[in-house]
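Asker: The structure is given below, and queries will be raised subsequently.
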Amino acid sequence: MPIIELTCISCPLGCPLKVETDETGNVKGVTGNTCKRGEEYGKKEVSAPVRTVTSTVRLTGGAAPVVSVRTKTDIPKEKIFACMAEIRKASAAAPVHIGDVILDNIADTGVALVATANVEKRA
């Protein structure tokens with residue numbers, strides 16, 4: 001049975017995980033974790049890995065040229081490049097406030113891209 005070795009990123013401890021899978025790739029067990037989050041992370045990372053994407057989007061008429069953004073929740077890892085392609089094309093008009101939705105349903109994930117900073121209009 002294949003064993004996949006990972007470093008847990010659920011908390012600052014960085015536990016070395018070993019995820020045991022069966023021949024079909026189904027998770028049979030996780031060892032090495034010191035908390036329940038590590039077990040959940042190991043199972044999820046092997047079966048359906050997800051990530052939060054952070055970046056910046058161009059602003060028009062803002063006191064700054066860009067605003068920082070992130071996906072509101074995790075998106076499937078295989079959608080990261082599609083997500084970044086949409087972010088590169090995107091722009092927003094100032095003012096922008098924390099939590100404002102910049103793009104809805106980014107890369108057909110059902111997840112919104114939201115602002116993580118306030119940027120007022122240029123004076």
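Asker: Keeping to the stretch 37-69, report how many residues are within 21 Å of residue 21 (Cβ to Cβ) and of a type in the set (S, T, N, Q).
Answerer: 1
Asker: Find the residue count for the stretch 27-36, including only residues that are loosely packed, with under 13 Cβ neighbours inside 10 Å and not hydroxyl-bearing (Ser, Thr, Tyr).
Answerer: Number of matching residues: 2.
Asker: Return the only residue of 23, 5 being over 27 Å from residue 114 (Cα atoms), modelled with pLDDT under 95 and of a type in the set (Asp, Glu).
Answerer: 23
So that you can scan it fast, the table gives a plain yes or no per residue for (1) loosely packed, with under 12 Cβ neighbours inside 10 Å; (2) among the acidic types (Asp, Glu); (3) over 25 Å from residue 9 (Cβ atoms):
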residue	(1), (2), (3)
25	yes, no, no
38	no, no, no
45	no, yes, no
51	no, no, no
56	no, no, no
61	no, no, yes
66	no, no, yes
92	no, no, yes
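Asker: Output the number of residues of the stretch 9-20 satisfying the condition of being hydrophobic (A, V, I, L, M, F, W, C) and either at pLDDT 95 or above or on the phi > 0 side of the Ramachandran plot (or both).
Answerer: Qualifying residue count for the region: 3.
Asker: State all residues of the stretch 93-123 that are assigned to a strand (DSSP E or B) and among the aliphatic types (A, V, I, L, M); if no residue qualifies, say none.
Answerer: 93, 96, 101, 102, 103, 113, 114, 115, 119
Asker: Restricting to the stretch 86-111, give me the number of residues that are touching an Asp or Glu at 6+ places or on another chain (Cβ under 7 Å) and farther than 19 Å from residue 64 by Cβ.
Answerer: 2
Asker: While we're here: Quick one: residue 123 ticks every box in (1) surrounded by fewer than 16 Cβ atoms within 10 Å (Cβ to Cβ); (2) modelled with pLDDT of 95 or more; (3) of a type in the set (A, V, I, L, M) except a single one, so which number is it?
Answerer: Against the list (1) surrounded by fewer than 16 Cβ atoms within 10 Å (Cβ to Cβ); (2) modelled with pLDDT of 95 or more; (3) of a type in the set (A, V, I, L, M), residue 123 comes up short only on (2).
The values are calculated or read from the model by the stated rules, or taken from the named source; none is laboratory data. Computed from a prediction, not measured in an experiment: that's the story for all the values here. Glycine also receives a Cβ, built like all others from the backbone with ideal geometry; neighbour counts cover every protein chain displayed.
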